[in-house]
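The next block holds one structure in the form of structure tokens; read it before the comments.
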Amino acid sequence: GFTLPGRGPDGQVLNAQAAVRTVSPRLLEALGATLAGGRNFSDADTAAAAPVVIVNETFARTYMDNRGVGERLPIAADQDRSESEVIGVVRDIQPQTRGELPRPEVYFAAAQTSEGLRHVEPVLVVRTSADPGALIPAVRESLQQIDGRILLDNVMTMEDRLRAGLARPRLYAL
């Protein structure tokens with residue numbers, strides 16, 4: 001949660017809620033997400049650069065009157081900085097559970113986040129036109145070369161993730 005000064009009724013403070021995602025520059029691309037406006041994160045969005053965020057369409061619609069790019073939000077990935085500039089608006093990514101509506105989301109550049117905002121269980125997403133299962137050994141080897149302490153666990157395709165997300169609703173339907 002965070003507050004947006006001057007965005008509520010009659011210019012009051014608006015209390016906002018959003019899911020926070022810490023992502024690398026190419027995650028949204030790997031997920032097949034498209035920008036509705038602005039730009040994606042780049043390798044230039046480092047801790048030394050001005051703090052930036054990307055919001056989803058639901059966030060822009062709910063809290064920014066469908067604006068977004070160029071707006072300044074009083075949220076920053078680092079406690080030393082008080083606000084971030086919105087550099088992009090990404091189209092809503094369909095939630096895993098069927099029937100669930102997209103919720104407001106704010107994406108932070110991983111290179112700009114403090115330890116407190118980093119996700120404790122990183123997720124690696126690989127987009128390929130080849131058989132995903134055939135890439136697992138190569139990905140595992142690459143991760144070991146980067147850091148021998150990294151373990152590749154719970155590997156599944158997006159189709160499997162979606163199928164798992166639909167398991168409960170399917171059971172109830174039966």
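Do we have Leu27 as open to solvent by 40 Å² or more (accessible area, probe 1.4 Å) and closer than 24 Å to Val123 by Cβ here?
no
What number of residues within the stretch 30-57 satisfy the criterion of being surrounded by fewer than 17 Cβ atoms within 10 Å (Cβ to Cβ), in contact with a Pro (Cβ under 7 Å, 6 or more places away or on another chain) and not acidic (Asp, Glu)?
1
Give me the residue from the stretch 119-135 that is loosely packed, with under 11 Cβ neighbours inside 10 Å and of a type in the set (A, V, I, L, M) and, out of that set, modelled with the lowest pLDDT.
For the stretch 119-135, the residue satisfying everything is Val120.
Please determine, by comparing only the residues of the stretch 80-98 that are open to solvent by 70 Å² or more (accessible area, probe 1.4 Å) and farther than 17 Å from Asp45 by Cα, which one is modelled with the highest pLDDT.
Applying the filter and picking the extreme gives Arg91.
Which count do you get for residues in the stretch 101-118 that are over 13 Å from the mean Cα position of the chain (by Cα), modelled with pLDDT under 75 and open to solvent by 40 Å² or more (accessible area, probe 1.4 Å)?
The number of residues fulfilling the criteria is 2.
Can you pull out every residue in the stretch 156-174 that is assigned to a loop (DSSP other than H, G, I, E, B) and open to solvent by 70 Å² or more (accessible area, probe 1.4 Å)?
Met156, Leu174
Count, please, the residues in the stretch 1-33 that happen to be out of contact with any Phe, Trp or Tyr (no Cβ under 9 Å at 6 or more places or on another chain), closer than 15 Å to Ala60 by Cα and part of a loop (DSSP other than H, G, I, E, B).
Residues meeting the conditions: 1.
Determine whether Ala138 is over 28 Å from Pro169 (Cα atoms), under 16 Å from the mean Cα position of the chain (by Cα) and either modelled with pLDDT under 85 or outside any loop (DSSP other than H, G, I, E, B) (or both).
No, not satisfied.
Residue check, Phe41 against (1) in a strand (DSSP E or B); (2) modelled with pLDDT of 90 or more; (3) touching a Ser or Thr at 6+ places or on another chain (Cβ under 8 Å), all met but one. Which one?
Condition not satisfied by Phe41: (1).
So in the stretch 3-24, with the set limited to residues that are touching a Lys or Arg at 6+ places or on another chain (Cβ under 9 Å) and in contact (Cβ under 8 Å) with a residue 40 or more places away in the chain, which one is most open to solvent (accessible area, probe 1.4 Å)?
Top of the filtered list is Gln17.
The values are calculated or read from the model by the stated rules, or taken from the named source; none is laboratory data. In this text the structure is predicted, and so the values were computed from the model without any measurement. With ideal geometry, Cβ positions are generated from the backbone for all residues, glycine too; neighbour counts draw on all protein chains shown. The area values use the complete protein model at the heavy-atom level, side chains included, leaving out ligands, DNA and RNA. Shrake-Rupley method; radii C 1.70, N 1.55, O 1.52, S 1.80 Å.
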